[in-house]
Amino acid sequence: MATDHFDDPNIPDEERLFRRIHLTHVVEGDGGKSEVSSAAFRDTELSVNLEGVMQAAGREPQDSLRAHPDDLLMSIAAGVCRRNGQIVGPDPVPEEPAHGYAFGKKSKSIQRTLRDAAGWIVPGEAPSWEEIRLRKKQLGIGGSEPGELD
Amino acid sequence: MATYVPVLPALTTGLFRPKYATSGSNASAFHDRDVRVSVTPRPDCCRLASLTCEPEVPAWLMPTIQSLRDLLQLPRDWDGYGAVQIQEQVAQKALLVLVDVMENDAPAPNVVPLSDGGIQVEWHRRGRSLEIEFPADEAPGFYYYEDGSELESEGQVSRSYDRIQAYIANLK
């Protein structure tokens, strides 16, 4: 985790930041749709992968999931983060040279804004709630129907 | 189906005191933590052939308890970003608040983990969303908004039970 945060001007506003989404942060929405919880965008130091660093290394966005194959992946533009009071910078770590952050306090409204602005990378479009529920059940992290409970 | 060790004795319906009227909240349910479900014969609920009174356990309660138990099974660093394990006392606090503010016929919330060991419960129904956040080391807060509208509202849970009850009623 970085201790000296700074906004890196070498990261353009249009650069995508990739954020892994844990399945527990995908919930039931309206009409059989899934919804990503704002909790996925809550951390003051929101860890992301920087698209520019990944591209320079010849890595595809999906490679962000290399060590976490059960997670999903979303992207958000650096400019969106900045316009919501966030500092965007690099924080390479041994296990992830493309690691970076969107640093700043995130009110509930900002969490929601970041969540709504994020686009799906893996899967390519918003999954259905049923898909998510079954996957959670397979992984043993919830997904039971009320009638299946102990 | 997964079998769970009951790590949280408080997270059971045994601590729920039934409500016979549907207009009030469950605020009395946890006033005495040793209380177990008590069956109080009432003429209007004892006309069944069995002559027994089953306490009315809200439909949302068991799924919510199960979801809380699921989150308590998450390991340290469950998100791969350094998250801490979900704290039992936060789960208890969340359930206590829900019992206070939710009607028996309220829809079950989604329950999600927070990276600081806290919990968030949330509903997304009919274009309306309500989130109640229980951070590990801060007072619980709520956030309500409606799609396609600039309406949004947030505040501390402890000062806003009436508003939260109204928002949940809007979600039915």
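Would you mind checking which residues have amide H under 5 Å from A:Leu73's amide H? H placed 1.01 Å from N; only 5 or more apart, or other chain.
A:Ile21, A:Ile121, A:Val122
Can you list residues whose amide H is under 5 Å from A:Leu17's amide H, if they're 5+ apart or on another chain and H is modeled 1.01 Å from N?
A:Ile76, A:Ala77, A:Ala78
Going by alpha carbons, how many degrees (0 to 90, nearest 10) lie between the helix axis of A:129-139 and the longest principal axis of chain A?
Approximately 90 degrees, to the nearest ten.
In nm, give the distance between the simple-model label positions of A:Ser128 and A:Lys105, each being 7 Å from the Cα along the Cα-to-Cβ direction.
Label-label distance for A:Ser128 and A:Lys105, simple model: 4.3 nm.
HN-Hα J couplings of segment B:70-84 from phi, Karplus 6.51/-1.76/1.60, θ = phi - 60°, integer Hz, Gly and Pro as x?
Here the 3J(HN,Hα) series is 4, 5, 5, 8, 5, x, 4, 6, 4, 9, x, 10, x, 4, 8 Hz.
Treating the angle as unsigned and between 0 and 90°, give the value, to the nearest 10°, between the Cα long axis of helix A:108-117 and the longest Cα principal axis of chain A.
Helix A:108-117 and the main axis of chain A meet at about 90 degrees.
Relative to the compact-globule scaling 2.2 N^0.38 Å, provide the ratio for the alpha-carbon radius of gyration of chain A.
Working: Rg = 16.0 Å, N = 150, 2.2 N^0.38 = 14.8 Å.
Relative to the rule-of-thumb radius for its length, chain A sits at 1.08.
Just to verify a number: what accessible area does A:Glu28 come out at with the full protein assembly present, 1.4 Å probe, Å² rounded to tens?
We get 80 Å² for A:Glu28.
Quick one: compute the contact order of segment B:61-171, relative version, from alpha carbon pairs under 8 angstrom and 6+ residues apart, as a percent. Present the calculation step by step, with values, prior to reporting the outcome.
On the way: 180 pairs, mean separation 22.2, N = 111.
That works out to 20 percent.
A:Gln138 versus B:Gln89, label points 7 Å from Cα toward the beta carbon: distance in nm?
Each label point is offset 7 Å from its Cα along the Cβ direction, giving 3.9 nm.
The values are calculated or read from the model by the stated rules, or taken from the named source; none is laboratory data. This structure is a prediction, so every number in the text was calculated from the model and none was measured. Reconstructed Cβ throughout: ideal geometry from the backbone, glycine too, with neighbour counts over all protein chains shown. Note: accessible area is taken over every heavy atom of the protein model, side chains too, but ligands, DNA and RNA are not part of it. Shrake-Rupley method; radii C 1.70, N 1.55, O 1.52, S 1.80 Å.
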